[in-house]
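Please treat every number below as a calculation from the coordinates, not as lab data. For clarity, every value in this text was computed on a predicted model and none was experimentally measured. Every residue, glycine as well, gets a Cβ built from its backbone with ideal geometry; the counts of neighbours run over all protein chains shown.
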Amino acid sequence: MSNLSPQEQLALLKRASAEIISEQDLLARIESCQKEKRPMRIKLGLDPTAPHIHLGFAVVLRKLRQFQDLGHQVVLLIGDFTARVGDPTGRSETRKVLTTEEIESNAATYREQLSRILDPEKTEVRFNSEWLAPLNFADILGLASKYTVAQLLEREDFTKRYKGGIPIGMHELLYPLMQGYDSVALRSDVEMGGTDQKFNNLVGRFLQREYGQPSQVVFLMPILEGLDGVKKMSKSLGNYVGITEAPEEMFGKLMSIPDSLMRRYFELCTEVDLAEVDRRLAQDHPRDNKFWLGREIITIYHGASAAQAAQDEFVKVFSNKENPTDMPSFLVTREAAPEGKVGLAKLLLLAEMAPSNKEGRRLIEQGAVQWNGVKVTDPGELSLAGGGVLKVGRRFVRIELE
């Protein structure tokens, strides 16, 4: 257990948190566990539906690591059973039910990536099929009797769909109860989540009381905006930075965030002292501060030398306008390029730099495509004699003719 006092632990844990329900309860739990010389059980529920972890999700994971470093026990609850339903949070329609194979594959990927942030020795991994699958119909009726339809309809997602005449499946209404029952089965002291999970986590707090247990503390973390600076970071929206991406790719993406978001990224994605952040943001050039941010984040996941190398590569390519040190190559066959020429939109498609000819033409017209360092806005034929370097956005590929 940590040598820090309960008050010191609470002060450390509060950094960057959005809401704790309640701080007094959390302090009391810390004090109680310290007296009993036992760790708190900190639960995070995961439905294995999106297996690639990005900086937005890492906000919660890094707070879990803080709990671990203070001596507490993290319990990762992989919702292999609840994933068959799908969390209705933020949904305007019923989610597609995942297959068993999809769930197992995603869960395996999660476990590998989570070890990049959490201490495996202090992480207990559980699957909620352990206790949800054996429940019989009488058990389910007993669980459902502890919560009312009126309480469920307090959830904004359900209210909007109900008023809009959009169907709500009975299985979706059961989802919050299933997730809440996880807290009962695990006897969790604290449940972590993003602010979008507040309703589900409060159901767990309520159900623990109904089953005669002390109510868990609900510890909510902010939602990190993506690279666009507006919407929640999400792989489906393409505005994300994956923690397993190459350092150069991560650095390039981080350089694109709005300057106004730098402090928020420092607060939620690093452990840098915020007083130092405020001082430097007020007096240093935004580019220097963004370089600093990129190095700090990449150091966490890839090490300091990789972070510096990523910055050096960025300066070389985007400031000095030189080609990357390493880039993939693509060989264009004579069949695809008769007489050594090929339409530029077709070349983007062949080299997998665009998903379709239409999208390729759009990128060309927007000025996002360069050939040998020169912007090309004509989707017509391009001579490949001698090969060259194709650049689309921040991506490069060396083109060679067969």
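How long are the semi-axes of the equivalent ellipsoid of region 201-271, defined as square roots of 5 times the Cα gyration tensor eigenvalues? Whole Å, largest first. Walk me through the numbers on the way to the answer.
Numbers: eigenvalues 242, 33, 27 Å².
Working from the Cα gyration tensor, I get semi-axes of 35, 13, 12 Å.
In region 323-389, what GluC sites (Glu not before Pro) fall in a loop by DSSP, with at most 12 other Cβ atoms inside 10 Å? Of the GluC sites (Glu not before Pro), the ones in loops of region 323-389 whose Cβ has at most 12 other Cβ atoms within 10 Å are E335, E352.
How charged is the neighbourhood of L390? Take every other residue with its Cβ under 14 Å from the Cβ of L390, and add Lys/Arg as +1 and Asp/Glu as -1.
Working: positive: K346, K375, K391, R394, R395, R398; negative: E352, E400.
Counting the neighbours of L390, the net charge comes to +4.
The tail of the calculated P(r) for the chain beyond 28 Å holds 57 percent of all Cα-Cα pairs. A Förster distance of 45 Å, applied to the separation of the beta-carbon atoms of A304 and A385, puts the FRET efficiency at 0.55. Once the chain from I140 to R263 is taken as fully extended at 0.36 nm per residue, the excess over their C-alpha distance is 39.6 nm. Other residues lying with their Cβ under 12 Å from the Cβ of E381 contribute a combined charge of 0, Lys and Arg counting +1, Asp and Glu -1.
For region 6-221, the Cα-based Rg and Dmax, in that order, read 17.0, 53 Å. Geometric descriptor of region 247-319, per residue, is 79 Å³ (volume of the convex hull of the Cα atoms). Checked against a 32 Å cut-off, the cross-linked pairs K231/K290; K14/K122; K160/K358; K231/K391 give Cα-Cα distances beyond that limit for K160/K358.
Magnitude of the charge dipole for the chain, about its Cα centre and with charges confined to Cβ atoms of Lys, Arg (+1) and Asp, Glu (-1), is about 600 debye.
Based on other C-beta atoms within 10 Å, arrange D25, D182 from fewest to most. Please report the intermediate quantities before stating the final value.
Values: D25 18, D182 26.
Lowest count first: D25, D182.
Determine how many Å³ per residue the convex hull of the Cα atoms of region 329-401 encloses.
On the way: hull volume 5.3 nm³, N = 73.
Dividing the Cα hull volume of region 329-401 by its residues yields 72 Å³.
Only sites in a loop by DSSP and with at most 16 other Cβ atoms within 10 Å count here; which trypsin sites (Lys or Arg not before Pro) in region 315-374 make the cut? Before the final figure, lay out the partial values.
Values: sites: K316, K321, R334, K341, K346, K358, R361, R362; in loops: K321, R334.
Listed in order of number, the matching sites are K321, R334.
Taking L237, L118, L26 in turn, the Gaussian network model of the chain (Cα-Cα springs below 10 Å) assigns the largest fluctuation to L237.
Computed on region 95-236, the Cα convex hull volume stands at 158 Å³ per residue. Comparing G340, T377, G367 along the charge dipole axis of region 329-401, the residue lying farthest to the positive side is G367, per the Cβ-charge model.
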